[in-house]
Amino acid sequence: MEKFGKSQSVKRTEDLRFLTGQGHYMDDDVPTDALFAAFFRSPVAHGRITALDLDAAREADGVRLVMTLDDLTEAGTDTVMNAAIVPNRDGSQTPAPDRHMLANDRVRFVGEPVAVVIADTLTQARDAVEMIWMDTDDLPAKLDVEAGGETLHAGVPDNRAFDWGLGDEAATEVAFQAAAHTVSLNVADNRVIITSIEPRGCQANWVDGRLHFTYGGQGVWAMRGQLAQKLKLEPDAIRVTTPDVGGGFGMKVMPYPEYFCVSVAAMKLAQPVHWMSDRSEAMLSDHHGRDLTSLAELAFDEDLKITAYRVHSKVNLGAYSSHFGQAIQTNLFSKVLMGVYDVQTTYLRVEGFYTNTTQVDAYRGAGRPEAIYVLERVMDRAARELSVDPWELRRKNFIRPEHFPYKTATGETYDVGDFDMVLSRAGAQIEGFAARKAADAERGLIRGQGLCYYIESILGDPSENAKVEFCEDGTVNLYVGTQSNGQGHETVYAHFLSDQTGIPVSRINVVQGDSDQLPHGGGTGGSRSVTVQSTATLATIDVMIAAFTPYLADIMGVEENDVHFDHETFRAPGSNLTPTLTEAAEMARADGRTDLLSHEARANLDARSYPNGAHVAEVVIDSYTGETWVDRYTIVDDFGNLINPMLAEGQVHGGVAQGIGQALSERVVHDAQGQLLTASLMDYALPRAAEIPMIKFTSAPVPSTSNPMGMKGCGEAGTVGALAAVANAVQDALWDHGVRQADMPFTPHKVWELLTHGSVAAE
């Protein structure tokens, strides 16, 4: 055990190498004999390919290979990307249009890959791409999220990908008819680009009949499965590794066409092939996020208790269904549809439409942030229209602590919660708002306050693997099935193992991102990592202690049942030996008991956990210019028990920054022809450090009962709460100025127009 005990805030051990340039990202480990890939991408949003001339590119200096879809097919590749689908509300099957790894006779969004060039240098590959000539019979671009328009796919005449529903539509309608009050709000959720600090990239090498594929992703085993399926290889013939990853955000979970093309090229050329996208290429080809509108409706009785909730969302899927597609989008939305409120009946309808834009990431499409954003915006509207304090309206409708476990109308079972306690602690930290508002008004500034109470469902694979290995040099390797994208897993996992075993943190090496090291792993996504991985680590410790106990009983001269492990040492009555685990491993090695030097286990969580919390934002608006900024931000979160509170707080800070960025400045813009106008950081406005306020964070844990540590995930909590908190604060500031509808992003021009005209001109 460390000096100050368990669950302490400690600095991240990995930061030393990151901050001193010792990280190993995709571009840091390029073999000296590597070839380089560059992709020719569609310059038009929609068109039939009538000619494609590759001759000049194939003859260019340094070019080793140029491939189109026909070449992938000739190599035996299954070129159709996987995509998930859901049934329609009427039970009919939704369409499943094929998306090929390279365009097949038709292009459907600007940036869609059409051909790939492999050359000796990156410059030569890019120069050759410029020599490719493509002619298209241009077709009208469809950009609106409505039925109709130019058909994108055969068999999808209205471009409607699905029309999915969840809940009791009839009972919800009855509740609305009987309601004393109803409130509705049409909520827009703007499209965003993920913009991870490191763009996507990959590298492949074919040696001795085995493919080694490396990429900046969020898990290696699912990627290995996809490569095996599409390249028609046995999984054992593929090794997938992941180096340090500069941000994932769900966008790097799924496979992309480039990964398969690079792998095929490496197999054909028997030489390493490296590809790394640049920033504009990433903005064109990475999956985008959000982009949906939702009509949200609440029904109340005379006591202002919610009786029913109804949502109709229209979602832009882009040109194709994504790898996880509609199934994940609708699932994520439904898991937290009800929020923290005691609602007996609900109905959710989600319509997905294809447009001539790049795809929307399933984790950033219609998921947890979107569901909470919609619910908390309409709750805020209800408080205004019904003339009730927004805090009290939420309190009145909270699920009470004595009602847990609580089964929601959508079938989720929340294990624990004390929402009133969390909200009250947030309220105690924001005194003085009225005085701040009055002082601002004297200077021509408008101050508003917004509240969001969120809850999210920890998703993903409920199973995980872990392995502990004692090395000859006295260090201990902890192999994990998740993948850090910057969250600080190396620190958290090492400290957790140390807390449970007494092995010094300085001796523990966390090993991740290698499909050869563990039989399976679920990767990182949906805030699953620490909770699920720590459960697997606990299971491995149990296996390890059980294995060492009989061995040590013989050495200590006691009965096996008398040996106990106290999280630091083995002890037994009648013996003065108290070996630590590392000392026990050294004894086993000396005795030739190599079977005691490696232990692994797989664990499964039978239930989800539900992190929740209150976010309170205060914004200030310059009434003359429309400039809007977040001045104060207060959070009280229930993440259950924490391993490292400082790292949890850091995750929240990052999420809040992402939410503020979408609320105030980020927005994807296409022109009428489907050209992306925000394809660089000169045009796409990410938040700057000066635009993020100091964030006050408080942990108010109500330990989960769904896992042995009482943990709840926290990776996405900041974003889930920030969107509605900031938007509600802006609406609060504008309400007294006659503005009744304010949608993100709250750019100076938009806010100025709202203050001046009460509405925003059509764009």
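The values are calculated or read from the model by the stated rules, or taken from the named source; none is laboratory data. All values reported here derive from a predicted model rather than from experimental measurement. Every residue, glycine among them, receives a Cβ derived from its backbone with ideal geometry; neighbour counts consider all protein chains shown. Just so you know, the surface numbers come from the protein's heavy atoms only, side chains and all, with ligands and any DNA or RNA stripped out. Shrake-Rupley method; radii C 1.70, N 1.55, O 1.52, S 1.80 Å.
Residue by residue, here is whether (1) among the hydrophobic types (A, V, I, L, M, F, W, C); (2) open to solvent by less than 10 Å² (accessible area, probe 1.4 Å); (3) over 15 Å from residue 293 (Cα atoms); (4) at pLDDT 95 or above holds:
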{"position": "351", "(1), (2), (3), (4)": "no, yes, no, no"}
{"position": "362", "(1), (2), (3), (4)": "yes, yes, yes, no"}
{"position": "368", "(1), (2), (3), (4)": "no, yes, no, no"}
{"position": "386", "(1), (2), (3), (4)": "yes, no, yes, yes"}
{"position": "389", "(1), (2), (3), (4)": "no, no, yes, yes"}
{"position": "400", "(1), (2), (3), (4)": "no, no, yes, yes"}
{"position": "404", "(1), (2), (3), (4)": "yes, no, yes, yes"}
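Do we find that residue 311 is under 27 Å from residue 257 (Cβ atoms), in a strand (DSSP E or B) and either open to solvent by less than 10 Å² (accessible area, probe 1.4 Å) or at pLDDT below 85 (or both) in this structure?
Details: under 27 Å from residue 257 (Cβ atoms): no; in a strand (DSSP E or B): yes; either open to solvent by less than 10 Å² (accessible area, probe 1.4 Å) or at pLDDT below 85 (or both): yes.
Here the answer is no, as residue 311 does not meet what is asked.
For region 192-236, give me each residue that is within 25 Å of residue 318 (Cβ to Cβ), in a loop (DSSP other than H, G, I, E, B) and either small (Gly, Ala, Ser) or out of contact with any Gly (no Cβ under 9 Å at 6 or more places or on another chain) (or both). Break it down into steps so the answer makes sense when it comes.
Within region 192-236, the subset within 25 Å of residue 318 (Cβ to Cβ) is 192-202, 215-219, 222-223, 225-227, 229-230.
Narrowing further to those that are in a loop (DSSP other than H, G, I, E, B): 193-200, 216-219.
Hits for region 192-236 are 196, 216, 217, 219.
Go through region 671-706 and report how many residues are closer than 28 Å to residue 645 by Cβ and touching a residue at least 60 places away in the same chain (Cβ under 8 Å). Walk me through it before giving the result.
Taking region 671-706 and keeping what is closer than 28 Å to residue 645 by Cβ, we get 686-706.
Remaining after also requiring touching a residue at least 60 places away in the same chain (Cβ under 8 Å): 686, 691-706.
Total meeting the criteria: 17.
Can we say residue 638 is closer than 30 Å to residue 541 by Cβ, of a type outside the set (Ser, Thr, Tyr) and in contact with a helix residue (DSSP H, G or I) (Cβ under 9 Å, 6 or more places away or on another chain)? Spell out how you get there, then give the answer.
On the way: closer than 30 Å to residue 541 by Cβ: yes; of a type outside the set (Ser, Thr, Tyr): yes; in contact with a helix residue (DSSP H, G or I) (Cβ under 9 Å, 6 or more places away or on another chain): yes.
Criteria met by residue 638.
Please specify each residue of region 80-112 satisfying the condition of being closer than 20 Å to residue 54 by Cα, open to solvent by less than 40 Å² (accessible area, probe 1.4 Å) and part of a loop (DSSP other than H, G, I, E, B).
Residues satisfying the conditions are 101, 102, 103, 110, 111, 112.
Kindly indicate whether any position in region 567-577 is of a type in the set (A, V, I, L, M, F, W, C), in contact with a strand residue (DSSP E or B) (Cβ under 7 Å, 6 or more places away or on another chain) and open to solvent by 50 Å² or more (accessible area, probe 1.4 Å).
no
Got a sec? Which of 240, 264 is modelled with pLDDT of 95 or more and either in a strand (DSSP E or B) or over 25 Å from residue 322 (Cα atoms) (or both)?
Working: 264 fails: either in a strand (DSSP E or B) or over 25 Å from residue 322 (Cα atoms) (or both).
Unique residue meeting the criteria: 240.
May I ask you to list pairs of residues, at least six apart or on different chains, whose Cβ atoms are under 6 Å apart, with the first in region 565-582 being closer than 10 Å to residue 502 by Cβ and in contact (Cβ under 8 Å) with a residue 24 or more places away in the chain and the second being part of a loop (DSSP other than H, G, I, E, B) and open to solvent by 80 Å² or more (accessible area, probe 1.4 Å)?
From region 565-582, the pairs are 568/1.
Note down all Cβ pairs under 6 Å where the first residue falls in region 600-613 and is more than 30 Å from residue 424 (Cα to Cα), the second is open to solvent by less than 10 Å² (accessible area, probe 1.4 Å) and of a type in the set (Gly, Ala, Ser), and they're at least six residues apart or on different chains.
As it stands, the answer is 603/536, since those pairs meet every condition given.
Read through the list (1) surrounded by fewer than 20 Cβ atoms within 10 Å (Cβ to Cβ); (2) small (Gly, Ala, Ser); (3) out of contact with any helix residue (DSSP H, G or I) (no Cβ under 8 Å at 6 or more places or on another chain), then give the number of the only condition that residue 248 fails.
(1)
Answer with yes or no whether residue 637 is in contact with a Pro (Cβ under 9 Å, 6 or more places away or on another chain), buried (at least 24 other Cβ atoms within 10 Å of the Cβ) and either outside any loop (DSSP other than H, G, I, E, B) or in contact (Cβ under 8 Å) with a residue 12 or more places away in the chain (or both).
Details: in contact with a Pro (Cβ under 9 Å, 6 or more places away or on another chain): yes; buried (at least 24 other Cβ atoms within 10 Å of the Cβ): yes; either outside any loop (DSSP other than H, G, I, E, B) or in contact (Cβ under 8 Å) with a residue 12 or more places away in the chain (or both): yes.
Yes, satisfied.
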